[in-house]
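A quick write-up on the structure given underneath.
The values are calculated or read from the model by the stated rules, or taken from the named source; none is laboratory data. Treat the numbers as computed from the prediction; the structure is a model and nothing was measured. Positions of Cβ are generated from backbone atoms using ideal geometry, with glycine treated the same way; all protein chains shown enter the neighbour counts.
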Amino acid sequence: MFFLEDTFYHMCFVLFLTAVAIVMFAREKVSLEVTSIAILTILLIFGQMFPIADATGKNQLDAANLLSGFANPSLIAVLALLVMGQGIIKTDALRPVSQFFVTSNKILAWIMVIGILMMICVMSAFLNNTPLVILAIPVLQALAVTSGVSESRVLIPLSYVAILGGMTTLIGSSTNLLVSSSMTGLGYEPLGFFEFLVPGSILAGVGFLYVAFMAPYILKDRSSMARDLVGDEKEFVAEIDIQEGSPLIGEECVKGHFAKLPNMTVKLIQRSGHLILPPFEGYKIEVNDIMIVATNREQLSVVLSKYPGFLLSEDDAEIISRVNQRLADSSLDNEAKSEAANTHLVAEVMIPPGSRMIDMTLEQVGFHRQFGAIVLGIQRRARVVRRRLGRIRLESGDVLLVAGSPASINLMRQNPDVIVLSGSKKELPVPKKAPLAAGIFLGVIALAAVGVLSIPVAAVTGAVLMIATDCLNIRQATRAIDRKIFLLVGSMLAIGTALQASDGAQFIANTLLDLPLPGGNLSKIAMLFLIVAITTNVLSNNACAILFTPIALNMAVNLHLDPGIFAVTVVFAANCSFASPIGYQTNLLVMGPGHYKFRDFLIAGVPLVVLLWGAFILIAKYYYGL
């Protein structure tokens, strides 16, 4: 190992590595998991080769210190809360509450939309935001149709209110827990459960008024991704494999259309490994051609009912037939058997976070073998994917257009790896374990709120009780643990440790303090809020919390102010992840169903960040007395 007397070089390297991490996380050219592991590995090697000795001669950058973040109590609490949230989803414990808001009256439906947003905002103060948003998406979609409002006007507000509610309590967001944990690690008292309830509620209230009554009018109507392409009809992309004996063989394109493909637009033809693009005038369809066509759901339904073989090979058709027959045989009555065997539905299903299908292709998933249904197309972040569907690796938030029998669609509704957004009107029954799951959740929250159990102990206890009472099994609990959160938080805690040991946090704090800002301490804390709020939209709220907490605490010490005020500033600012879909997981979750583009989050989110910044300045001045 090599010893450097001056920690300035350590600081320069750690600051450079921090900047690289921020850029890599923001661009996502490489997956978050790979970037996190790479950053952590570089830090481990650097700490081994160039140690920083403390007063006792111990290396502050040794593996024990850098890897201690993976055993951080707050990180364990976050993962345990994800397991509890999965138990709530699996048992549909919130379904009776959400169904209360469904109505067929248009005016009342819009009122119910506001009511659901308010309910999500309140409940997100105590429950992980992701399961709440997942449960609310299909309900808001149904209400949007009833009230005549585009779903794209209500789904971004859904994500925003979940984030706003998380600002009010210590467990409202993993960000809040990580800030509190960082304070403990730096020798400060942790934040209390309701320590920032009053200022957080003020910010949430101001933000909710904007989100509920202004954002829907600011957002563009993107009720279907095809509106920009073909008008008001929703368009999807389907893949047709031309097999031996297909009625399409020899069909010639005349005046830009194939007669046997009415109301369908051919986007491209793949022939012998080559792509043929429009115009197709004079081309004839040949055996083994792969055609990518665009049409609406109604036309796809007609094609499937008349010519099911158009959209799949004979082998696939046989497999789907066997699966559907098995599902039909398991039905309770003859009418259900007939419906399951003969009827095909077109439905949209979403890939949720934690799905086993993430990073797998459709061929690897074996979708048709598993569900007896075929995937017609994929929507990803409001873009139509126009290449071989079977070769596309699935991502969280992808929306698949699938076709299958009612039984196969209902089978998907029971599978945690997909979420059915539409296509089936059958109401799901309330599972018997729902009261038990709700009781465990409320009991754990109550014990943590009154201080009988610490939050990590309460969360782990709740997760264990969910498994012990069969609200979910070990496999489901394991899948609920998000590896991205685990690796990202662990690696960023390592960077935080390195920043602290190399005096990098102190350097950034001093730089902020030396800025020539009018207004004294108020302007400095306002600048801190703005910097963190901007960064959280290009990095992540958890990473920002870990990165800026030591910086904020150093600023508080240098200004001789209460460190708790600066820690709360980081909590509020790091939760302002409204202006980017990558800022928070729920933003990405609504992007597909709402058919949003990146700029939609900028248009709706930037005014909200500015509004909350202004509100926080007033809170800092009159509530905290700065």
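Could you figure out which of (1) more than 24 Å from residue 603 (Cα to Cα); (2) touching a residue at least 60 places away in the same chain (Cβ under 8 Å); (3) crowded, with 21+ Cβ neighbours inside 10 Å isn't true of residue 195?
(3)
All but one of (1) farther than 21 Å from residue 150 by Cβ; (2) at pLDDT below 85 hold for residue 594; which doesn't?
(1)
Taking residue 561 as meeting all but one of (1) modelled with pLDDT of 80 or more; (2) in a helix (DSSP H, G or I); (3) surrounded by fewer than 24 Cβ atoms within 10 Å (Cβ to Cβ), write down the number of the exception.
(2)
Using the structure shown, decide if residue 568 is crowded, with 24+ Cβ neighbours inside 10 Å, modelled with pLDDT under 85 and hydrophobic (A, V, I, L, M, F, W, C). Even if it seems obvious, please write down each step before you answer.
Numbers: crowded, with 24+ Cβ neighbours inside 10 Å: yes; modelled with pLDDT under 85: no; hydrophobic (A, V, I, L, M, F, W, C): yes.
It is false that residue 568 is crowded, with 24+ Cβ neighbours inside 10 Å, modelled with pLDDT under 85 and hydrophobic (A, V, I, L, M, F, W, C).
Suppose the filter is among the small types (Gly, Ala, Ser), modelled with pLDDT under 80 and touching a strand residue (DSSP E or B) at 6+ places or on another chain (Cβ under 7 Å); does residue 520 pass it?
It is false that residue 520 is among the small types (Gly, Ala, Ser), modelled with pLDDT under 80 and touching a strand residue (DSSP E or B) at 6+ places or on another chain (Cβ under 7 Å).
If I ask for residues that are among the aliphatic types (A, V, I, L, M) and under 12 Å from residue 530 (Cα atoms), which ones from the stretch 605-614 would you list? I'd like the intermediate steps shown before the answer.
Pass one, the stretch 605-614, residues among the aliphatic types (A, V, I, L, M): 606, 608-612.
Within the stretch 605-614, 606, 609, 610, 611, 612 meet the criteria.
Quick check on the stretch 480-495: of everything there that is in a helix (DSSP H, G or I) and not hydrophobic (A, V, I, L, M, F, W, C), which residue is nearest to residue 585 (Cα to Cα)?
So in the stretch 480-495, the residues in a helix (DSSP H, G or I) come out as 480, 483-495.
Filter once more, so that each one left must be not hydrophobic (A, V, I, L, M, F, W, C): 483-484, 490-491.
On the way: 483: 13, 484: 11, 490: 18, 491: 18 Å.
Residue satisfying both the conditions and the ranking: 484.
Of the residues that sit in the stretch 257-289 and are closer than 20 Å to residue 245 by Cβ, outside any loop (DSSP other than H, G, I, E, B) and free of Cβ contacts under 8 Å to residues at least 24 places away in the same chain, which one is nearest to the chain's Cα centre (by Cα)?
Across the stretch 257-289, the extreme among qualifying residues is 269.
Which residue out of 4, 17, 32 is surrounded by fewer than 20 Cβ atoms within 10 Å (Cβ to Cβ) and either in contact with a strand residue (DSSP E or B) (Cβ under 8 Å, 6 or more places away or on another chain) or at pLDDT 85 or above (or both)?
On the way: 4 fails: either in contact with a strand residue (DSSP E or B) (Cβ under 8 Å, 6 or more places away or on another chain) or at pLDDT 85 or above (or both); 32 fails: either in contact with a strand residue (DSSP E or B) (Cβ under 8 Å, 6 or more places away or on another chain) or at pLDDT 85 or above (or both).
Just one listed residue meets the conditions, 17.
For the stretch 524-558: of the residues being assigned to a helix (DSSP H, G or I) and of a type in the set (Ser, Thr, Tyr), which is farthest from residue 129 (Cα to Cα)? It would help to see each step written out before you state the result.
Filtering the stretch 524-558 down to residues assigned to a helix (DSSP H, G or I) leaves 524-535, 541-558.
Then keep just the ones that are of a type in the set (Ser, Thr, Tyr); that gives 535, 549.
Details: 535: 21, 549: 22 Å.
Only one residue fits best here, namely 549.
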